[in-house]
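Colleague: Right, I'll just put the structure down here and ask away after.
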Amino acid sequence: MNDTPGWASPGSAHSGEQDAGVPRPAGPADENGPASKWSTNQPPAGQWSAPSGKNQHGATPPPGWGGRPPHGKWGPQSVAKPGVIPLRPLGVGEILDGAVSTLRAHWRTVLGITITVSVISQIATVLGERYLLPEPPAIDKNADDTETLAAALDASTATLSYTAGITLIATLFTTALLTVVISRSVLGRPVTLAESWHEARPRLGRLLGLTLLLPLMAGAIIFVAMLPGLVVGGEAGVALAVLGALVALPAMVWLLIRFALASPALMLERQGIIASMRRSAKLVQGAWWRTFGILSLTVVLTLLVSMIIAIPFSMAAFAVDGDGLSSLLTDDAPNLGWPFLIITGIGAVISSSITYPISAGVTALLYIDQRIRREALDIDLARAAGVPGYGAPSPDSGHRS
């Protein structure tokens, strides 16, 4: 299908293979320049198709249509908007609004994806906490601080590992399916849950590899930085390990932001794992701080939404489950019953159903925005959406297999 941004992968065809007179996207901008500048490698003015369908010799397009305005300036009537975003470089507010607009425009499909994944993941989490994971041990009143910390770490390691695994799988499916939905919403085209699954399913294996590789790389950086302290041991070793982790933290964040757009590149360009990471690094280059700021803002917003939803459900759960509340007021291990787990699970499902589309939407739209800024993807998007004046899709515009 030719209705997601993946069909126009840069370098998919040589310039000699392109049809004459059909507008093509500009090549990538100089990677050393600011990400907000348009590529200097724009096609000559005579190669752009007139919106009226006439040739370029003397035909004057009507106001509000045409190719890129001169010097990269966009007027209020020169921007096509077939879907949830205008086809031009986006501001932070437009990216966030586009993610929310996708949820509103395709709410049946989006909620069908997020609620299904959230319910399954919460059932797995609740059953795991109830039957698979060990009960948290009671803390000895006479234990010193070191023993108390060690006991707390031992009790939380299994729970955190299990929860992280469930979250990873849930994020994998929601990212894959919602990226397809968002790419269609940019073109203003409907998409069903079955269509999203059919299109995303062949990419799940590679997306899983990418999803596992990135945290492993980040963890390896932290481990290598902490290794000298772990070797030394004792109080000095602990201090050295903490210092190493603090020093490695900026490098880990830099790496994760550099590859933050790898998932949509893998899904929409049919790229492999390494190729999608290279694409992300290329798109983020020169725009690292902007990417970091937008993604950080998204994390803060989703956390706030999660807290706003989780707090009332947690209070209701404690009110219903008297045993869990009384155990928290004592020194014994919490004894959380089924009412507590079910009520908090419902809150988590509602929270995930809202936050998953926002997170996936911001990442996908940030990827599209960077390609618009660097590679004139807006022209191919407008052409695929059937916007007058952009011609028909080119023969080489199919998805990569």
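Colleague: Does any residue in the range 120-131 that is of a type in the set (A, V, I, L, M) come within less than 7 Å, Cβ to Cβ, of a residue that is assigned to a helix (DSSP H, G or I) and surrounded by 16 or more Cβ atoms within 10 Å (Cβ to Cβ) six or more places away or on a different chain, and which pairs are these?
Modeller: The qualifying pairs are 124/166; 126/341; 126/345.
Colleague: Can you name the residue in the range 236-250 that is under 34 Å from the mean Cα position of the chain (by Cα) and free of Cβ contacts under 8 Å to residues at least 12 places away in the same chain and is also surrounded by the most Cβ atoms within 10 Å (Cβ to Cβ) among such residues?
Modeller: 246
Colleague: Sticking with this structure for a sec: Out of 265, 275, I need the residue that is part of a helix (DSSP H, G or I) and either more than 30 Å from residue 388 (Cβ to Cβ) or free of Cβ contacts under 8 Å to residues at least 60 places away in the same chain (or both). Which one?
Modeller: That would be 275, the only listed residue that is part of a helix (DSSP H, G or I) and either more than 30 Å from residue 388 (Cβ to Cβ) or free of Cβ contacts under 8 Å to residues at least 60 places away in the same chain (or both).
Colleague: Could we say that residue 171 is over 24 Å from residue 124 (Cβ atoms) and modelled with pLDDT of 85 or more here?
Modeller: no
The values are calculated or read from the model by the stated rules, or taken from the named source; none is laboratory data. This structure is a prediction, so every number in the text was calculated from the model and none was measured. Virtual Cβ from ideal backbone geometry, glycine too; neighbours counted across all protein chains shown.
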